[in-house]
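Novice: Okay, here's the structure, questions in a sec.
The values are calculated or read from the model by the stated rules, or taken from the named source; none is laboratory data. Note that this is a predicted model, so its numbers are computed, not measured. No Cβ is skipped: glycine too gets one built from the backbone with ideal geometry, and neighbour counts run over all protein chains shown.
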Amino acid sequence: MKAVRVHQFGGPEVLKLEDIPDPQPGPEQVVIRVHAAGVNPVEAYIRTGTYAFKPNLPYTPGSDAGGVVTAVGREVKKFKPGDRVYITASATGTHAEQALADHAKVHHLPDHVSFEQGAAMGIPYGTAYRGLFQRAAAKAGETILVHGASGGVGTAAVQLARAAGMIVVGTAGSEDGIKLVKEQGAQHGLNHSAEGYLDELMKLTDGKGVDVIIELLANKNLGRDLTVLAKKGRVAVIGSRGAVEINPRDTMAREADIRGVTLGATSEEEYREMHAALRAGLENGTLRPLIGKKFTLAEAARAHEEIMQPSGARGKMVLVP
């Protein structure tokens with residue numbers, strides 16, 4: 001099969017398309033034919049060799065995919081060849097024509113949901129769900145700011161928050177981005193490239209501030225986030241590309257919290273809860289993953305370049321083998 005391989009850490013140019021043997025399932029594993037693989041910023045960080053997790057070389061990037069089961073191990077009862085599925089972790093990487101996954105990380109994909117949408121469920125929707133509910137404890141009736149709402153995680157957070165009965169304010173860097181954010185369910189959209197947009201946010205909340213902030217670029221925004229929180233407000237930090245200076249006093253009078261978010265810390269119980277909720281959202285139509293740019297496996301380097309651009313992605317970026 002064809003697969004993207006990394007033999008040394010570095011820039012996007014280290015991604016090479018090669019022929020490697022087809023994966024074979026162990027007793028509790030599933031092989032899927034990949035129809036779409038997710039591209040996420042974390043894969044670009046790992047590729048550089050500077051991320052906390054460093055895989056053994058050589059390796060194939062990717063953990064998210066949507067596809068069709070081609071083989072199952074002898075202990076697997078829940079899946080059979082021909083099943084449409086999405087996977088959230090892979091033993092062999094998903095930037096390939098086939099991927100191997102533990103059966104616990106494989107989930108049935110409803111017929112009306114595309115493979116590209118299935119490839120959005122693992123990291124983008126899982127991260128958004130964990131940030132909103134498992135870390136920030138967001139509740140119906142609260143006001144949520146999704147700070148960077150037009151990408152894969154941002155659009156997921158908007159949909160999840162709106163479906164759960166929250167008042168959602170989403171930001172984007174352009175008028176087209178704001179339109180997209182509102183189409184995903186945000187009641188209000190703000191341009192985070194405009195001067196004074198946080199003043200507008202305070203007007204929207206009658207000066208009270210927001211209860212929860214889903215923060216996708218903390219190194220730029222965290223210091224200002226703390227000034228627009230309501231009392232007992234929480235910032236869920238999902239993304240950051242460097243250091244930031246904050247004034248701790250901005251947390252004191254509000255008794256505000258800054259809560260880090262990482263999927264890697266999700267317990268088995270939290271994982272089961274997360275994907276029970278996400279699958280239900282797919283089935284009932286409240287979750288509708290937005291697909292952005294599509295690339296072939298041969299274009300993986302270009303995809304890794306574009307996922308890190310300051311302008312950000314519009315929806316979920318995928319590779320289509």
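Novice: Just give me the residues in segment 181-199 being within 14 Å of His147 (Cα to Cα) and assigned to a helix (DSSP H, G or I), in sequence order.
Specialist: Val181, Lys182, Tyr197, Leu198
Novice: Scan segment 3-18 residue by residue and report those that are out of contact with any Ser or Thr (no Cβ under 7 Å at 6 or more places or on another chain) and either assigned to a strand (DSSP E or B) or of a type in the set (A, V, I, L, M, F, W, C) (or both).
Specialist: Val6, Val14, Leu15, Lys16, Leu17, Glu18 - these are the residues of segment 3-18 that are out of contact with any Ser or Thr (no Cβ under 7 Å at 6 or more places or on another chain) and either assigned to a strand (DSSP E or B) or of a type in the set (A, V, I, L, M, F, W, C) (or both).
Novice: Please verify whether His95 is within 15 Å of Ala277 (Cα to Cα) and within 20 Å of the chain's Cα centre (by Cα), treating the condition exactly as stated. Show your work before the answer.
Specialist: Values: within 15 Å of Ala277 (Cα to Cα): no; within 20 Å of the chain's Cα centre (by Cα): yes.
Judged against the criteria, His95 is not a match.
Novice: Scan segment 228-245 for residues that are touching a Gly at 6+ places or on another chain (Cβ under 8 Å), without any contact (Cβ under 8 Å) to a residue 60 or more places away in the chain, in a loop (DSSP other than H, G, I, E, B) and within 18 Å of Gly148 (Cβ to Cβ) and jot them down.
Specialist: The one that is touching a Gly at 6+ places or on another chain (Cβ under 8 Å), without any contact (Cβ under 8 Å) to a residue 60 or more places away in the chain, in a loop (DSSP other than H, G, I, E, B) and within 18 Å of Gly148 (Cβ to Cβ): Val244.
Novice: State the number of residues belonging to segment 153-196 that are of a type in the set (S, T, N, Q), under 19 Å from the mean Cα position of the chain (by Cα) and more than 21 Å from Arg279 (Cβ to Cβ).
Specialist: Filtering segment 153-196 for residues of a type in the set (S, T, N, Q) gives 155, 159, 171, 174, 184, 187, 191, 193.
From the residues that got through so far, the ones that are under 19 Å from the mean Cα position of the chain (by Cα) too are 155, 159, 171, 184.
With more than 21 Å from Arg279 (Cβ to Cβ) added as a condition, the list becomes 171.
Residues meeting the conditions: 1.
Novice: Determine which member of the set Gly233, Gly207, Gly151 is crowded, with 24+ Cβ neighbours inside 10 Å and over 26 Å from Ile291 (Cα atoms). Steps first, answer last, please.
Specialist: Working: Gly207 fails: crowded, with 24+ Cβ neighbours inside 10 Å; Gly151 fails: over 26 Å from Ile291 (Cα atoms).
When all the criteria are applied, what remains is Gly233.
Conditions (1) among the hydrophobic types (A, V, I, L, M, F, W, C); (2) outside the structural domain of Ile238 (by TED's automatic domain parsing); (3) over 30 Å from Thr143 (Cβ atoms), marked per residue:
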position: Pro23; (1), (2), (3): no, yes, yes
position: Glu28; (1), (2), (3): no, yes, yes
position: Ala52; (1), (2), (3): yes, yes, yes
position: Pro61; (1), (2), (3): no, yes, yes
position: Gly67; (1), (2), (3): no, yes, yes
position: Val85; (1), (2), (3): yes, yes, yes
position: Gln98; (1), (2), (3): no, yes, yes
position: Arg130; (1), (2), (3): no, no, no
position: Phe133; (1), (2), (3): yes, no, no
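Novice: Further question on the same structure: Report the residue count in segment 153-180 for those that are modelled with pLDDT of 95 or more, outside any helix (DSSP H, G or I) and of a type in the set (A, V, I, L, M).
Specialist: Qualifying residue count, segment 153-180: 5.
Novice: Continuing with this model, one more query. So, Gly73, is that one surrounded by fewer than 22 Cβ atoms within 10 Å (Cβ to Cβ), touching a Pro at 6+ places or on another chain (Cβ under 9 Å) and farther than 30 Å from Tyr197 by Cβ or not? Even if it seems obvious, please write down each step before you answer.
Specialist: Values: surrounded by fewer than 22 Cβ atoms within 10 Å (Cβ to Cβ): yes; touching a Pro at 6+ places or on another chain (Cβ under 9 Å): yes; farther than 30 Å from Tyr197 by Cβ: yes.
Taking the combined requirement at face value, the residue satisfies it.
Novice: Only residues in segment 1-23 that are closer than 11 Å to Tyr59 by Cβ count as the first member; pair them with residues that are assigned to a strand (DSSP E or B) and acidic (Asp, Glu), Cβ under 6 angstrom, at least 6 apart or cross-chain, and list the lot.
Specialist: Qualifying pairs under 6 Å: Arg5/Glu18.
Novice: Which of the residues belonging to segment 271-320 are under 19 Å from Pro110 (Cβ atoms), in contact (Cβ under 8 Å) with a residue 60 or more places away in the chain and hydrophobic (A, V, I, L, M, F, W, C)?
Specialist: Hits for segment 271-320 are Met274, Ala277, Leu278, Leu282, Leu287, Leu290, Ile291, Val318.
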